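Engineer: My structure is below; once you've seen it, I'll send some questions.
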Amino acid sequence: MFENLEPVVADAILGLMAAFRADADARKVDLGVGVYRDDRGETPVLDAVRRAEELLLRSQTTKAYVGPAGSPGFNQAMEQLVFGASHPALAAKRVRSMQAPGGCGALRLGAELIRLAAPGAVVHVSNPTWVNHVPLLSGAGLKIQPYPYLDVASGAVQFEAMTAAFGKLPPRSVVLLHASCHNPTGADLSQSQWRELLAIVRTRELLPFIDMAYQGLGEGVEEDAFGLRLFCAQLPEVLCAVSCSKNFGLYRERVGVLHLVSASPAAGNAAASQLVRSARSMWSMPPDHGGSVVQIILTDQALRAQWLEELAQMRRRIQGLRSEAVRQLASTCPQRDFTFIARQRGMFSYLGITTAQVRALREHHHVYMTDDSRMNLAGLRRENLAYFAQAVAQVLA
Ligand code: LMR
């Protein structure tokens with residue numbers, strides 16, 4: 001059966017993870033895969049997570065199935081975190097939530113629902129977008145088209161080109177938006193741009209599919225959800241895929257949720273039943289451990305406060321690294337403007353160097369970033385910042 005299968009190359013991020021692991025050089029710098037790292041280069045288990053796990057271990061009485069929609073307590077806690085406690089869509093009972101295996105599971109589940117409702121639908125994704133968006137969405141049978149997004153020269157969003165493209169889309173087109181901390185560019189929409197976009201999305205009758213994988217790692221938990229909350233309050237239908245990988249540091253536990261905002265509670269119920277059937281046919285039930293941990297943290301006042309503080313520390317460290325990277329690059333590469341790095345948010349920026357230069361960084365200096373020059377700022381440390389800036393200067397020379 002399988003003897004004719006051709007080997008395929010790993011995607012840009014997975015391939016880089018393997019290459020980094022295989023590199024024995026002590027100076028190596030991992031700016032590849034998007035995981036948060038502390039100043040020792042480690043991805044720690046958060047203290048709030050450890051304490052919640054201890055509580056869970058002591059209190060859990062069964063490992064029986066939870067159900068295809070996941071834990072109602074987790075889903076509700078996530079609704080409050082994502083939308084904010086007094087959101088009008090929650091008050092109007094227009095939100096239905098499905099726990100999913102990570103943000104990826106949530107994206108795939110949302111894509112399945114779109115295909116069921118509108119076979120042949122086109123999802124318009126930012127150019128560039130996260131490498132796994134395309135296989136995740138097209139794997140559900142959806143067509144993918146890019147829309148203009150990054151202005152490479154300024155490192156900001158090419159907003160006029162983006163809105164012009166949205167203004168030409170046919171009704172029922174799906175637009176995939178990043179809530180904050182855009183992956184891979186770090187270029188986010190401002191609040192006024194979200195408002196402007198809302199008017200176009202409403203007039204053109206587009207369906208926003210919002211991916212929020214970094215809530216709290218950009219400006220703050222509330223600030224990073226601004227656009228998502230605005231769209232969900234003002235539009236009849238929105239899909240939101242949310243990940244707890246980064247902001248709770250629960251990567252391998254696979255914790256995510258899909259929130260569906262529907263025009264009415266009845267429409268929400270029908271769509272939710274379809275989502276249950278799709279989940280059942282793909283993974284049957286989501287994993288529970290990480291979701292229970294998140295639920296405990298979010299519903300315990302002291303643990304929630306501790307988590308918010310740990311999240312703020314991660315955010316501050318990334319912002320500090322952004323400023324420091326700009327400072328160091330300004331001294332090693334004075335001919336080039338890298339100040340956009342400090343204006344961007346989240347873990348990623350496009351350094352804006354060529355693929356050949358990226359490969360030279362890897363081969364000669366053991367600095368790893370994806371070929372498109374996406375770098376995970378959180379991979380930098382006080383002790384390797386200067387080394388990194390000198391390596392960049394050498395490949396640019
Ligand atoms: C990334 O963009 O590097 C992360 O979201 C990890 C992944 O799965 O690609």
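Engineer: Just to be sure I understand the model, the point goes 7 Å from the Cα along the line to the Cβ. What's the resulting residue 308 to residue 356 distance in nm?
Structural biologist: That separation, rounded to one decimal, is 5.2 nm.
Engineer: Report, to the nearest whole %, how much of the accessible area of the stretch 163-216 belongs to carbon and sulfur atoms, 1.4 Å probe, protein only.
Structural biologist: Values: 980 of 1880 Å².
Reported share for carbon and sulfur atoms: 52 percent.
Engineer: Ok, one more. Express the carbon and sulfur contribution to the solvent-accessible surface of the stretch 1-129 as a percent, rounded to the nearest whole number, probe 1.4 angstrom. Mind dumping the intermediate values first?
Structural biologist: Details: 3980 of 6930 Å².
Of all accessible area on the stretch 1-129, carbon and sulfur atoms account for 57 percent.
Engineer: May I ask you to give the percent of accessible area on the stretch 258-397 that is carbon plus sulfur, with a probe radius of 1.4 Å? Mind showing how you got there, number by number?
Structural biologist: Details: 2990 of 5910 Å².
Within the stretch 258-397, the accessible surface is 51 percent carbon and sulfur.
Engineer: Another question, if that's okay. Please report the antiparallel percentage of the DSSP beta bridges confined to the chain, to the nearest 5.
Structural biologist: Values: 17 of 36 bridges.
Of all bridge pairs located within the chain, approximately 45 percent are antiparallel.
Engineer: Could you name the lysines whose alpha carbon sits less than 29 Å from that of residue 93, not counting residues in the same chain fewer than 8 places away?
Structural biologist: 246
Engineer: Hey, another quick one. Quick one, what does Rg over Rh come out to for the chain if you take C-alpha atoms and the Kirkwood Rh? Don't skip to the end; give the middle numbers.
Structural biologist: Working: Rg = 21.0 Å, Rh = 21.8 Å.
A ratio of 0.96.
Engineer: Sticking with this structure for a sec: For the chain, what is the accessible area per residue in Å², given a 1.4 Å probe and the full set of protein chains?
Structural biologist: Details: 17510 Å² over 397 residues.
Ligands and nucleic acids excluded, the result is 44 Å² per residue.
Engineer: Same structure, new question: If r is the Cβ-Cβ distance from residue 153 to residue 27 and R0 is 35 Å, what FRET efficiency results, to the nearest 0.05? Write down the numbers at each step before the final one.
Structural biologist: Numbers: r = 32 Å, r/R0 = 0.90.
Step by step, r from the Cβ atoms, then E = 0.65.
Engineer: Given the options 163, 74, 90, identify the residue whose Cα lies farthest towards the positive end of the charge dipole of the chain (+1 on Cβ of Lys, Arg; -1 on Cβ of Asp, Glu).
Structural biologist: 90
Engineer: Once the principal axes of the Cα atoms of the stretch 39-113 are found, what is the range along each, listed largest first in whole angstroms?
Structural biologist: For the stretch 39-113, the Cα extents along the three principal axes come out at 42, 37, 29 Å.
Engineer: When only C-alpha pairs under 8 Å and at least 6 residues apart count, what is the relative contact order of the chain, in percent? If you can, show how the numbers build up before the last one.
Structural biologist: Values: 729 pairs, mean separation 103.4, N = 397.
For the chain, the relative contact order is 26 percent.
Engineer: Another question, then. Once you have a ≥ b ≥ c as the square roots of the Cα gyration tensor eigenvalues for the stretch 174-330, tell me rounded if a/c is under 1.5, and otherwise prolate or oblate according to whether a/b is larger than b/c. Intermediate values should be presented prior to the final figure.
Structural biologist: Details: a/c = 2.05, a/b = 1.21, b/c = 1.69.
Oblate, since a/c reaches 1.5 and b/c is not below a/b.
Engineer: Continuing with this model, one more query. What's the angle, to the nearest 10 degrees (0 to 90), between helix 265-282's Cα axis and the longest principal axis of the chain?
Structural biologist: Value to nearest ten degrees: 60.
Engineer: Give me the extension gain from residue 263 to residue 160: residue separation times 0.36 nm, minus the current Cα-Cα distance, reported in nm with one decimal.
Structural biologist: Working: separation 103, 0.36 × 103 = 37.08 nm, distance 2.94 nm.
Net length gain for the segment: 34.1 nm.
Engineer: Projecting each Cα onto the charge dipole of the chain (Lys/Arg +1, Asp/Glu -1 at the beta carbon, about the Cα centre), which of 393, 338, 226 comes out farthest on the positive side?
Structural biologist: 226
Engineer: Next up: Could you work out how much longer the chain between residue 284 and residue 86 gets when fully extended? Use 0.36 nm per residue separation minus the Cα distance between them, nm to one decimal.
Structural biologist: Working: separation 198, 0.36 × 198 = 71.28 nm, distance 3.17 nm.
Full extension of this stretch gives 68.1 nm more.
Engineer: Can you list residues from other chains, or at least 5 along the same chain, whose modelled amide H is less than 5 Å from the amide H of residue 175?
Structural biologist: HN-HN under 5 Å from residue 175: 124, 207, 209.
Engineer: While we're here: If we sort 260-271, 100-111 on the protection proxy, mean other Cβ atoms within 10 Å, highest first, what's the order?
Structural biologist: Details: 260-271: 16.3, 100-111: 26.3.
Ranking, from highest mean packing down: 100-111, 260-271.
Engineer: Given the C-alpha centroids of the stretch 41-90 and the stretch 237-259, what is the distance between them in whole angstrom?
Structural biologist: 11 Å
Engineer: While we're looking at this one, here's another question. Could you calculate the contour length gain from residue 134 to residue 40, that is, 0.36 nm times the residue separation minus the distance between their Cα atoms, to one decimal place in nm? Kindly include the intermediate steps, with their values, before the conclusion.
Structural biologist: Details: separation 94, 0.36 × 94 = 33.84 nm, distance 3.34 nm.
Full-extension gain reported as 30.5 nm.
Engineer: On to the next question. Using a 7 Å offset from the Cα along the Cα-to-Cβ direction at both residue 202 and residue 5, what is the distance between the two label points in nm, to one decimal?
Structural biologist: Roughly 4.9 nm, to one decimal.
Engineer: What list of ³J(HN,Hα) values in whole Hz, one per residue of the stretch 353-367 in order, does the Karplus curve 6.51 cos²θ - 1.76 cosθ + 1.60 (θ = phi - 60°) give from phi, with Gly and Pro shown as x?
Structural biologist: Result, ordered by residue: 9, 7, 4, 4, 5, 4, 5, 5, 4, 5, 6, 9, 10, 6, 9 Hz.
Engineer: Report, by chain and number, residues whose modeled amide H sits under 5 Å from the one on residue 367, excluding near sequence neighbours (fewer than 5 apart, same chain).
Structural biologist: Close amide H contacts, sequence-distant or interchain: 29, 362.
The values are calculated or read from the model by the stated rules, or taken from the named source; none is laboratory data. All values derive from a computational prediction rather than experimental measurement. Heads up, the Cβs are rebuilt from the backbone with ideal geometry, glycines too, and the neighbour counts pull from every protein chain shown. Surface accessibility is based on the protein's heavy atoms, side chains included, excluding ligands, DNA and RNA. Shrake-Rupley method; radii C 1.70, N 1.55, O 1.52, S 1.80 Å.
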